[in-house]
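Visitor: One structure coming up, written as structure tokens, with questions to follow.
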Amino acid sequence: MTTAPVIDPATEAVLTHVELADDAAADAAIARAVAAGPAWRALAPGDRARLLRRFAEEVDADLEHLAGLEVRNAGHTIGNARWEAGNVRDVLHFAAGMPERLSGSQIPVADGVNITFQEPLGVVGIIVPWNFPMPIAAWGFGPALAAGNTVVLKPAELTPLTALRLGELALRAGLPEGVLQIVPGRGAVVGQRFVTHPAVRKVVFTGSTGVGKQIMAGCAAQVKRVTLELGGKSANIVFADADLERAAATAPYGVFDNAGQDCCARSRILVQRGVFDRFLELLEPAVAGVRVGDPADESTEMGPLISAAHRDRVAAFVEPDTRIAFTGTAPSGPGFWYPPTVVLPQDPRDRLLTEEVFGPVVAVVAFEDEAEAIALANATDYGLSGSIWTNDLGRALRVSRAVEAGNLSVNSHSSVRYWTPFGGYKQSGLGRELGPDAALAFTETKNVFLAT
Ligand code: NAP
Ligand code: MG
């Protein structure tokens, strides 16, 4: 086994080293997950529910510790990290309500009785990125476990610490050995093994669209089930009739939260031409006011980027001839800092308008009317999220229906609630997570006819 250093992106200090699984270790984990399967699926629904509730309680009792780990490992602000650990707890409580509700249906037929069963798939492999290590892990393992599957989960190499802790808490809660295993390792090794190993019956992948396509192609060889949560280039559409002050005051948080490392980041702001200049005037102090710094400080609103390589990647988007409207602040010295940056691309083919930056860079563009706003919003291969600012209810609904994206919010930037469905149109993904049907994505529907 090899080990990899785990680095604090706010200080560049090495926090610890984590062992990386090789192919043999991944196979051994998958074998344990297979072995744990029959007893887990045979558990009475109420008993599985009780264990998930206990798991939620362990997470709640460990909330400050988990949040502190994420502050150090991922540079998340302490406020965000607490929300994320709380989200894991809430997803587990929500999942704990699922086992007794996988009720199937009884369908009227002639000469007999027809019933459906929601059967677990078997072993589910979850591949997690570094941007939201805790919530993204839980959105997969909560419903997967509730539906009677066992889980192997690969955290991102950069951010394994909270996932490893969640694995410990699951055991402490009484989940049997092998039911939820955390398997740190390289994507091309452990992640790839989830794709190729025939005992893994579903892969849940969150990450880049490029890797997501490879995963989907790899899964095709076994017609393996797959859920993909990929990138985004979401639009924040501001109409002239909107509450412009509020739209401008909140726009930075719609894109710079988590330093822009958010698949739902509203990284394009589309503003109706008549209020374009006024909007920029209002946006400038809002961006200057974003508090960037030590993520452990309670008042900090934005921390560092995840790594030196990622900062280089983000910085490369802003070229010498890019028109920069204004920037916010960022600390100097150690840490992978990048200031909030507002750009005004002049060419619709500019990469800043078409590619996911995954950093604190937002492009502002003018539009004439509703039709042009919709056309611009949809002029992307992505379709994850977006916001619509208007006080016209009819327009809010028309535009919500016309924008090709899975998660929209009107007069706010909220995207994710664990009890509502989440996922992307077009190349932002395949399938949905969370919401009332979350467990169904981890089952096969079996139809049985009994002749009478
Ligand atoms: P990535 O390469 O897609 O990685 C996501 C996860 O997939 C990580 O756990 C990674 O493992 C694993 N992985 C990588 N290659 C794999 C392979 N061939 N087979 C199986 N698993 C594999 O994403 P990234 O490099 O972290 O980020 C790059 C870009 O992806 C970002 O800049 C952003 O555009 C996008 N992104 C989107 C989201 C989202 O929430 N939609 C999240 C993160 C990133 P290791 O990293 O441990 O090797
Ligand atoms: Mg990668």
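Visitor: Any idea how far the Cα center of the stretch 175-228 sits from the one of the stretch 320-363, in Å?
Guide: Their Cα centres are 33 Å away from one another.
Visitor: When the accessible area of the stretch 56-120 is computed with all protein chains present and a 1.4 Å probe, what percentage of it is carbon and sulfur?
Guide: On the stretch 56-120, the fraction of accessible area on carbon and sulfur atoms equals 53 percent.
Visitor: In the calculated pair distance distribution of the stretch 150-196, what percentage of Cα-Cα distances lie above 16 Å?
Guide: 38
Visitor: Mind giving me the nanometre distance, one decimal, between the label points for residue 83 and residue 110, set 7 Å out from Cα along Cα→Cβ?
Guide: 5.8
Visitor: Check residue 179: other-chain or 5+ apart residues with amide H under 5 Å from its amide H, H built from backbone geometry?
Guide: Answer set, sorted by chain and number: none.
Visitor: Suppose each label sits 7 Å from its Cα in the direction of the beta carbon; what would the residue 451-residue 291 distance come out to in nanometres?
Guide: Here the modelled spin labels are 7.4 nm apart.
Visitor: Using label points projected 7 Å from each Cα along Cα→Cβ, tell me how many nm separate residue 368 and residue 3, to one decimal.
Guide: 6.4
Visitor: For residue 344 and residue 284, FRET efficiency with R0 = 22 Å and r from the beta-carbon atoms, rounded to 0.05?
Guide: The value I calculate is 0.95.
Visitor: What percent antiparallel are the DSSP beta bridges of the stretch 125-273, to the nearest 5?
Guide: Values: 0 of 18 bridges.
Approximately 0 percent, going by the DSSP bridge assignments.
Visitor: If you count, for each residue, the other Cβ atoms within 10 Å and average over each peptide, how do 313-321, 276-284, 444-452 line up from highest to lowest?
Guide: Ranked from most to least packed, the peptides come out as 276-284, 313-321, 444-452.
Visitor: Provide the packing ranking of 154-167, 125-138, 391-404, 7-20, i.e. peptides ordered by the mean count of other C-beta atoms within 10 Å per residue, highest first.
Guide: 125-138, 154-167, 7-20, 391-404
Visitor: Right, next: ³J(HN,Hα) across the stretch 377-383 via Karplus (A = 6.51, B = -1.76, C = 1.60, θ = phi - 60°), whole Hz, x for Gly/Pro?
Guide: After applying 6.51 cos²θ - 1.76 cosθ + 1.60, I find 4, 8, 7, 7, 6, 8, x Hz.
Visitor: Please work out how much length the chain gains when fully extended from residue 213 to residue 326, using 0.36 nm per residue of separation minus the C-alpha to C-alpha distance, in nm with one decimal.
Guide: Between residue 213 and residue 326, full extension yields an extra 37.1 nm.
Visitor: Still on this structure: Please find the FRET efficiency linking residue 402 to residue 186, where r is the Cβ-Cβ separation and R0 is fixed at 45 Å, and quote it to the nearest 0.05. Walk me through the intermediate numbers first.
Guide: On the way: r = 41 Å, r/R0 = 0.92.
The computed FRET efficiency comes out at 0.60.
Visitor: What does the highest-first list of 297-307, 343-353, 104-114 look like by mean Cβ count within 10 Å?
Guide: Working: 297-307: 20.5, 343-353: 15.0, 104-114: 10.6.
Descending mean neighbour count gives 297-307, 343-353, 104-114.
Visitor: Please give the length that would be gained between residue 299 and residue 101 if that part of the chain were fully extended, namely 0.36 nm times their separation in residues minus their C-alpha to C-alpha distance (nm, one decimal).
Guide: 67.1 nm
Visitor: State the antiparallel share, in %, of DSSP beta bridges confined to the chain, rounding to the nearest 5.
Guide: Here the share of antiparallel DSSP bridges comes out near 35 percent.
Visitor: Also, I was wondering about something else. What accessible area per residue, rounded to a whole number of Å², is obtained for the chain using a probe radius of 1.4 Å?
Guide: Ligands and nucleic acids excluded, the result is 40 Å² per residue.
Visitor: So how much slack lies between residue 172 and residue 354, counting 0.36 nm per residue of separation and subtracting their Cα-Cα distance, in nm? Numbers along the way, then the final one.
Guide: Values: separation 182, 0.36 × 182 = 65.52 nm, distance 4.57 nm.
Gain on extension, residue 172 to residue 354, equals 60.9 nm.
The values are calculated or read from the model by the stated rules, or taken from the named source; none is laboratory data. Treat the numbers as computed from the prediction; the structure is a model and nothing was measured. Please note: Cβ atoms are built from the backbone with ideal geometry, for glycine as well, and neighbour counts cover all protein chains shown. The protein model used for the area step is the full one, side chains on, heavy atoms only, and it has no ligands, DNA or RNA in it. Shrake-Rupley method; radii C 1.70, N 1.55, O 1.52, S 1.80 Å.
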